[in-house]
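The structure under discussion appears below in the form of structure tokens.
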Amino acid sequence: MRTFSYTSEYAEREPTRAEIDALPGVTVVEFGAPWCGHCQAAQAGIAAGFGLSPNARHVKIHDSRGQPLGRSFRVKLWPTLVFLHDGVVLAQLVRPDDDQIFAAFASLLGENAD
């Protein structure tokens, strides 16, 4: 059994959409910025959500205007969480509260965790 977990650090390199779509299993892509107050406020809930599903992969992207990965998911506000299973988008949450985050992890990841 593989184990992934929450990461507090933004990726140094933005992956391509093809790289994200090719990831096996459950992946949560988080779009935000380190200076974003909404993003900072959501971190405790996001971290707790990964505690519910340790087999989920977390890809944390420092998004900004014109970045191709964020635009491919139509990200307009931060944080945006995109839940995927084998490259298929299952849910997308925009500025979620803790209850929405927990519900997404419980329903989507619990059913689709590898």
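Can you pull out the strands (runs of 3 or more DSSP E) entirely within region 1-93 that have at least 3 residues that are farther than 15 Å from ALA104 by Cβ? Give the derivation first.
Numbers: elements: 26-32, 57-62, 80-85.
Answer list for region 1-93: 57-62.
Restricted to region 95-109, and to residues that are more than 19 Å from GLY25 (Cα to Cα) and without any contact (Cβ under 8 Å) to a residue 24 or more places away in the chain, which residue is nearest to the chain's Cα centre (by Cα)?
The qualifying residue nearest to the chain's Cα centre (by Cα) is GLN100.
Condition check ((1) surrounded by fewer than 20 Cβ atoms within 10 Å (Cβ to Cβ); (2) in contact with a helix residue (DSSP H, G or I) (Cβ under 9 Å, 6 or more places away or on another chain); (3) in contact (Cβ under 8 Å) with a residue 24 or more places away in the chain; (4) within 19 Å of PRO34 (Cα to Cα)) across all residues:
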| residue | (1), (2), (3), (4) |
| --- | --- |
| GLY49 | no, yes, yes, no |
| PRO54 | yes, no, yes, no |
| ASP63 | no, yes, yes, yes |
| GLY66 | yes, no, no, yes |
| LEU69 | no, yes, yes, yes |
| VAL82 | no, yes, yes, yes |
| GLY87 | yes, yes, yes, no |
| LEU93 | yes, yes, no, yes |
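Going by the structure shown, is PHE83 among the hydrophobic types (A, V, I, L, M, F, W, C) and over 10 Å from the mean Cα position of the chain (by Cα)?
Taking the combined requirement at face value, the residue does not satisfy it.
Here's a check for you: in region 1-22, which residue that is more than 13 Å from the chain's Cα centre (by Cα) and closer than 18 Å to PRO54 by Cβ is surrounded by the most Cβ atoms within 10 Å (Cβ to Cβ)?
ARG2
Restricting region 55-70 to residues that are under 23 Å from VAL26 (Cβ atoms) and among the basic types (Lys, Arg), which is modelled with the lowest pLDDT?
ARG57
The values are calculated or read from the model by the stated rules, or taken from the named source; none is laboratory data. None of these values were measured; they are calculated from a predicted model. Using ideal geometry, Cβ is built from the backbone for each residue, glycine included, and neighbour counts are taken over all protein chains shown.
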